[in-house]
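This report refers to the structure that appears directly beneath it.
Values in this text are rule-based calculations from the coordinates and carry no lab data. Computed from a predicted model, the values in this text were never measured in an experiment. Quick reminder, even Gly has a Cβ in these numbers, built from the backbone with ideal geometry, and neighbours come from all protein chains shown.
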Amino acid sequence: MKRSILLFVLLVIFAGIQAQPRLNFPVLRHDYGVLKEEAGKQEVVFNFTNTGDSVLVITRVQPSCGCTASDYTKSPIPPGGKGFVTAVFEPRGFNGRFAKSISVYSNAKPAVTVLIIEGQVAPREKTTEELYTFVVGPVRFESNHLAFTSIKKGEKKIRVMPIINTSKEPATIEFDGVPAHLAMKATPATLKPGEKGLIEGTYDSRLNESSWGNVNDLIRMKVNGKAMENIYLYVSANLVEDFTSLSSQQLADAPVFKLASNTVDFGQIKQNESADVEFVFTNEGKSDLIIRHVKAGCGCTALMPTENVIRPGAKGSIKAKFNSGGYKGSIYKNIFVYTNDPKSSEVMLMIKGEVLVEGAAAK
């Protein structure tokens, strides 16, 4: 009799130990199909059942970036009970295929169940104002920035930009104060009401030989003969040396611009004082190193080296002066050096230090 009672107790204890909740989602994925970007928030409900033999508790629900879990069953779910997890996807700002996950944490095994929502977003048709953001009188440009990106020395490059006449009258577009290295035209020169066209810019680097690196021009515009006050088209380019014609032997014999250090710390100075710094370099290559150009950022000046042609094995230096003016605190300024070293044709130097305000003690 005692043995039977003991066996019964052991069976009860064993059954209690084995009792487990089980989180069972009949569907783990939901495909929205094709959604329009302007469709607004899209909700889907994932239902589940506790198919285990113990109480199930959802401890938290963690969505991945781009979707939210707006609600889920927070109360304990008994064996055989049902619950839900709601996921919401906002298509605004998406374009193309997407797949997002929702991690459901519970006291079941496994502790994490992953749900997936997926689909494709068809971008909405943008308005004229969104497509043409830069207003020039009755005409709208795609942007106020015509970027030529990198242009090799000796190269001529063309860039175009869409425009539209949003007025009810014809609009003739002209450009004023265009530098010699740029040519600008509108096609057609006169836009009919509602007509679309193109701005075409041609950059001839051969006519801008003295400039290197990032260069900018501001172009004034006229519409129907009237100058657009304080409205400019910003034109940018990055002028770089062309090494594409060099043979493998010429590359092997090229100059090598080697800096002792590309950062100089001038320490601490007061406001309205200046600090002089010097960057020392060596030509470790097999042919003459030519310093093409030196360009300093705002707040400092930089000088071309006394000798801009450095023989193999010889040293040179670039001197710069930082004027603290009204600056304060930690300072970082850049200087760009352009050389005929194919591997270091554009090098950034850094000046750093600290400007103390009046009455501040030096560290």
Given backbone amide H placed at 1.01 Å from N, residues whose amide H is under 5 Å from that of residue 153, ignoring those fewer than 5 places away on the same chain, are 240, 241, 242
Burial ranking of peptide ranges 121-129, 216-224 (average Cβ count within 10 Å, highest at the top) = 216-224, 121-129
With the dipole of the chain worked out from charges on the C-beta (+1 for Lys and Arg, -1 for Asp and Glu) around the Cα centre, which of 94, 150, 240 lies farthest toward the positive end?
-> 94
For the chain, what's the relative contact order in percent, using C-alpha pairs closer than 8 Å and at least 6 residues apart?
-> 11
Filtered hits (lysines, Cα-Cα < 23 Å from residue 82, offset >= 8 within chain) -> 74, 109
Surpassing 22 Å at the alpha-carbon level, of the pairs 185/226; 157/343; 100/126; 286/319, are 157/343; 100/126; 286/319
Kindly express, to the nearest 10 degrees and within the range 0 to 90, the angle between helix 2-18's C-alpha long axis and the longest C-alpha principal axis of the chain.
-> 30
Bridge orientation stat for the chain from DSSP, antiparallel percent rounded to 5, came to 85
